[in-house]
Structures are given as structure tokens and as C-alpha cells.
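Right, one structure below, let's go through it.
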Amino acid sequence: MTVNLLDLDLEGLAVFCERLGERRFRAVQLFRWIHQKGARQFDEMTDLAKSLREKLKTSAQIKPLDVVSQHISADGTIKWLFDVGDGNAIETVFIPEEDRGTLCLSSQAGCAVGCRFCSTGHQGFSRNLKTGEIIAQLWFAEHFLRKYLQREERVISNVVMMGMGEPLQNYAELLPALKVMLDDHGYGLSRRRVTVSTSGIVPMIDRLAQDCPVALAVSLHAPNDALRDQLVPLNLKYPLAQLVAAVHRYLPHAPRDFVTFEYCMLDGVNDTDACARQLVERVRAHPGAWCKFNLIPFNPFPASGLLRSKPDRVQAFARILNEAGIITTVRKTRGDDIDAACGQLAGDVKDRTRVMVRMERNRNLRSPSAAPLAKHATGGSA
Ligand code: SAH
Ligand code: SF4
């Protein structure tokens, strides 16, 4: 069986090279070809000895994901649906802004946490993604976008693990993927610009602090356990006090001196003044400016039975937090015309036929070298 080189971080690739009877430093060359230049074929790697290229051809591959569809929003946001086999599909979203390009990656097909307000949660859990499937999203997007936007230099400056799935429930595959993102010979992203978002898997927050402390975002959504138990069922296992304690243990390791709390604004559920004041009390129980809030207006989907908070309610809620000295921003909705906004990522988990039909229609989008599509303005905001 051939090894998918997208599954390996640099250390893993060095071990692989040794097994082929090659010196470890060859791994650096190979790694750069794959991640920095987007090479797909070993024959492209002209500075590797022909004998090594031949060995690689029989023992390894660089395995991309099949693109099922690609949608470009009027605001420049791009959403890809990737086929990951057995009727499972995952989604990846690129969000261009003036000063950065953010890629939102999926970590699982579906999600087992089952949050009330999340469309991925409603579809249930299919399987964990492999490291190579997490990295293939970045590999494809970066090299596709360089061609599409006609840019020589790096396009993706930030990665957020905020697509489908709970990244800390797929820790073993996530960790090497984070290392590839951070590696100077890989994507060279700074720790501050790689964010893991979690619904609060307490023991894995501690593991991440030790193994690879990147920026942390915690999906809070409620100021007390009674409400959070209903919205994020995982709260029954790791209640708020334990979660906040884990955040405090993380802080000394974090690349920034704060953690971001995400809070999905649900009309009449968690958006009252009383909820905002309870949050202020929780935060003030610990000294210092240790957290920020990012309010996400709920993106509705039919099965949720929930509504988005009114804009003036969101503003009033933000004001209470800000006036208490807690920096609070409201997330701009991006790409909602193509269902790419937070929580709208559902993939096509069970319906293989539909995936196949769309794959037929989108044959020309399957590799980073695909012909550029009609260009939309990028960098603009909605
Ligand atoms: N599982 C991780 C990361 C993926 S979800 C987590 O829960 O943090 C990324 C973010 O989108 C989370 O903050 C999540 O709460 C939010 N989200 C999920 N569904 C949403 C929806 N329908 N509207 C707005 N935000 C949503
Ligand atoms: Fe899973 Fe995150 Fe959605 Fe909750 S919000 S169901 S943890 S993807």
C-alpha cells in the first residue's frame, strides 16, 4: 500500500525517507515541493535524484480530495464541497479580507457533539478525517487560489478549525495537521494565526496546551449550565466551571494573552440583558483581560426551530459586555448567499447519488491547476 504523504508532518516524512534508505534532509526538499509548491507528481521534483523519484512512485502518493462543487459568493467568499468517500462530503470555506485570507477547515465528516443550533450537529457523526484529508483542504485551496488570483506569494494567512466537526474529538489526526500548517517548510503560519475552535473537550484543551499551543476559540453560547446543557450537550460532561478552569490553564501557553469565546445569538434563548450580565459576572470572577467575545448572529436552517437575534438585540448585548470592559465584536456574516456562513455547513453525508451527479458537473474543478473561473471582486466585504 502506498503512503499518502499529506498524512505526514515533517518528522513523519523524515522517518519515511529513512525507511526508503534516504537521508532525513531529503524530507525537507520533498515537504517543500508538496506544500510550498503544490506539486502533485514526483517527476515535477526536479532536484530530487531520479532513483528517489522512482522509489517514491511505487511507495507513496500525494492524494488530493475530489472537488464536488465550488461556489463563489458575491463578497468573494469561496466554498468547496469535497468528496471523502462512502457518501461523505465535507466543506471548506475561504474568506478574503483586506489584510488577510482565512481558510475555514473541517476536521470530521459530521459531528457527534450535536449542538442544537448547528446544522453539522443535526446531521450526526460519520467519521474522523485523516491528517491528509485535513491538509488536503489547505493544500488544494492555497494552490488553487494562487492560480485563480494570479498571486505568486502565499494567499492563505490564517486557518480556523471552524468548519464541520469538533477538532478536539479528532486530536490524533489534528495534531500532525497543525504541525504541517506551522512548519516553516510547510505553510509557515504563525501560531497566532491558526485557531482551534472547540465546544469544550476539557482534557484535550490541556493536551493542546502541551503539544501545540495555537490560538484557542471556545464556543460558549450560554452564561449558565442549565442553558448550556440544552444548547451544547457536551456541557453535561464538562460543565462551565471546568471549561473556564481549562481555559485558564491554557492561557500561559497561548500565543495570544486571551482566549476568544464564541457566542451564537439565538432570538429569545440566550440573547437577553440578563444573559449578558451573567456573562460579565462569570468573566469578572477572574482578574485581568483574559478573554474576548465574538457574537455570531445565528445562521438559521430549517430543522433547528430557532431564530436569529434581531440586530439591535445583538448590539445591546455587545454594549453590556463592552461597557464592562470585555472586548466584544459581532461577526460579519460572510458567504451566506452560498450557505457558507458558520453553522450552515452540512455536506452531503448520506446522499452518495447527489455527490456523484455534482461531481460529473464539476469535473473541471478537480485539481489546483483547474482553469480559473470568472473572477468576483475579492477583499470586499458584505
Ligand atoms: N466544533 C467546533 C468548531 C466548528 S463550529 C466548535 O463548536 O467550536 C464553528 C463555530 O460555528 C462554533 O462557534 C459554532 O458554535 C458556530 N456555529 C455552529 N452553528 C452555527 C449557526 N447555525 N449559526 C452561527 N454559528 C454557528
Ligand atoms: Fe459540532 Fe461545533 Fe456544530 Fe457543536 S457547533 S455540533 S461541536 S461542529
Practice prompt. Give me the pairs, please: first residue somewhere in segment 282-305 and in contact (Cβ under 8 Å) with a residue 60 or more places away in the chain, second residue anywhere and open to solvent by 70 Å² or more (accessible area, probe 1.4 Å) and in a loop (DSSP other than H, G, I, E, B), beta-carbon distance under 6 Å, and either six or more positions apart or on two chains.
Written response: none
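Take Ala112 and tell me if it is at pLDDT 95 or above and either within 14 Å of ligand 1 (Cβ to nearest atom) or within 14 Å of Leu6 (Cβ to Cβ) (or both).
Values: at pLDDT 95 or above: yes; either within 14 Å of ligand 1 (Cβ to nearest atom) or within 14 Å of Leu6 (Cβ to Cβ) (or both): yes.
Taking the combined requirement at face value, the residue satisfies it.
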Worksheet item: Would you pick out the residues in segment 156-177 that are within 16 Å of ligand 1 (Cβ to nearest atom), of a type in the set (S, T, N, Q) and in a loop (DSSP other than H, G, I, E, B)?
Response: Asn170
Response to the item:
If we keep only residues of segment 156-172 that are open to solvent by 10 Å² or more (accessible area, probe 1.4 Å) and aliphatic (A, V, I, L, M), then the residue nearest to Gly121 (Cα to Cα) is Met162
Worksheet item: Which residue, of Gly76, Gly114, Gly87, is in a loop (DSSP other than H, G, I, E, B), surrounded by fewer than 24 Cβ atoms within 10 Å (Cβ to Cβ), within 11 Å of ligand 2 (Cβ to nearest atom) and on the phi > 0 side of the Ramachandran plot?
Response: Gly114
Worksheet entry | Index of the failed condition, Ser126 passing every other in (1) more than 29 Å from Ala27 (Cα to Cα); (2) in contact with a helix residue (DSSP H, G or I) (Cβ under 7 Å, 6 or more places away or on another chain); (3) among the polar types (S, T, N, Q) | (2)
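Looking only at segment 229-271, filter to residues that are assigned to a loop (DSSP other than H, G, I, E, B) and in contact with a Pro (Cβ under 8 Å, 6 or more places away or on another chain); which one of those is nearest to Gln210 (Cα to Cα)? Before the answer, list the steps.
Residues of segment 229-271 that are assigned to a loop (DSSP other than H, G, I, E, B), as a first pass: 232, 237-239, 254-258, 267-271.
If we keep only those that are in contact with a Pro (Cβ under 8 Å, 6 or more places away or on another chain) too, we end up with 254-255, 270.
Values: Ala254: 10, Pro255: 12, Asn270: 33 Å.
Among those that are assigned to a loop (DSSP other than H, G, I, E, B) and in contact with a Pro (Cβ under 8 Å, 6 or more places away or on another chain), it is Ala254.
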Practice prompt. Output the residues belonging to segment 220-243 that are within 16 Å of Met204 (Cβ to Cβ), within 16 Å of ligand 1 (Cβ to nearest atom) and not charged (D, E, K, R).
Written response: Val232, Leu234, Asn235, Tyr238, Leu243
Worksheet item: Of the residues Thr77, Thr120, which single one is under 14 Å from Met164 (Cβ atoms) and in contact (Cβ under 8 Å) with a residue 60 or more places away in the chain?
Response: Thr120
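Only one of Leu227, Leu220, Leu178, Leu234 is within 18 Å of the chain's Cα centre (by Cα) and within 16 Å of ligand 2 (Cβ to nearest atom). Can you tell me which? Show your work before the answer.
Details: Leu227 fails: within 18 Å of the chain's Cα centre (by Cα); Leu178 fails: within 16 Å of ligand 2 (Cβ to nearest atom); Leu234 fails: within 18 Å of the chain's Cα centre (by Cα).
Every option except Leu220 fails the conditions.
Taking segment 197-219 on its own, how many of its residues are outside any helix (DSSP H, G or I) and either within 16 Å of ligand 1 (Cβ to nearest atom) or open to solvent by 10 Å² or more (accessible area, probe 1.4 Å) (or both)? Give the steps one after another, and end with the answer.
Taking segment 197-219 as the starting set, the residues that turn out to be outside any helix (DSSP H, G or I) are 197-201, 212-219.
Cutting the leftovers down to either within 16 Å of ligand 1 (Cβ to nearest atom) or open to solvent by 10 Å² or more (accessible area, probe 1.4 Å) (or both) gives us 197-201, 213-219.
Residues flagged as outside any helix (DSSP H, G or I) and either within 16 Å of ligand 1 (Cβ to nearest atom) or open to solvent by 10 Å² or more (accessible area, probe 1.4 Å) (or both) within segment 197-219 amount to 12.
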Practice prompt. Scan segment 254-271 for residues that are buried (at least 16 other Cβ atoms within 10 Å of the Cβ) and either of a type in the set (A, V, I, L, M, F, W, C) or farther than 20 Å from Cys118 by Cβ (or both) and jot them down.
Written response: Ala254, Phe258, Val259, Phe261, Cys264, Met265, Leu266, Val269
Practice prompt. Inspect all residues belonging to segment 38-55 and state whether any of them is open to solvent by less than 40 Å² (accessible area, probe 1.4 Å) and closer than 12 Å to Gly335 by Cα.
Written response: no
Practice prompt. Quickly run through segment 307-325 and pick out the residues that are assigned to a loop (DSSP other than H, G, I, E, B) and either touching a Leu at 6+ places or on another chain (Cβ under 8 Å) or open to solvent by 30 Å² or more (accessible area, probe 1.4 Å) (or both).
Written response: Leu307, Ser309, Lys310, Gly325
Worksheet item: For segment 117-155, how many residues meet the condition of being within 16 Å of ligand 1 (Cβ to nearest atom), open to solvent by 10 Å² or more (accessible area, probe 1.4 Å) and assigned to a loop (DSSP other than H, G, I, E, B)?
Response: 3
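What residue, of Val180, Val194, is among the β-branched types (Val, Ile, Thr) and within 16 Å of ligand 1 (Cβ to nearest atom)?
Values: Val180 fails: within 16 Å of ligand 1 (Cβ to nearest atom).
None of the other options fit; the residue is Val194.
Suppose the filter is more than 16 Å from ligand 2 (Cβ to nearest atom), at pLDDT 95 or above and buried (at least 20 other Cβ atoms within 10 Å of the Cβ); does Phe31 pass it?
Numbers: more than 16 Å from ligand 2 (Cβ to nearest atom): yes; at pLDDT 95 or above: yes; buried (at least 20 other Cβ atoms within 10 Å of the Cβ): yes.
The answer is yes for Phe31.
The values are calculated or read from the model by the stated rules, or taken from the named source; none is laboratory data. These numbers come from a predicted model, not from an experiment. Neighbour counts are summed over all protein chains in view; Cβ atoms, including those assigned to glycine, are modelled from backbone coordinates with ideal geometry. Remember, those area values only see protein heavy atoms, side chains included, never the ligands or the DNA or RNA. Shrake-Rupley method; radii C 1.70, N 1.55, O 1.52, S 1.80 Å.
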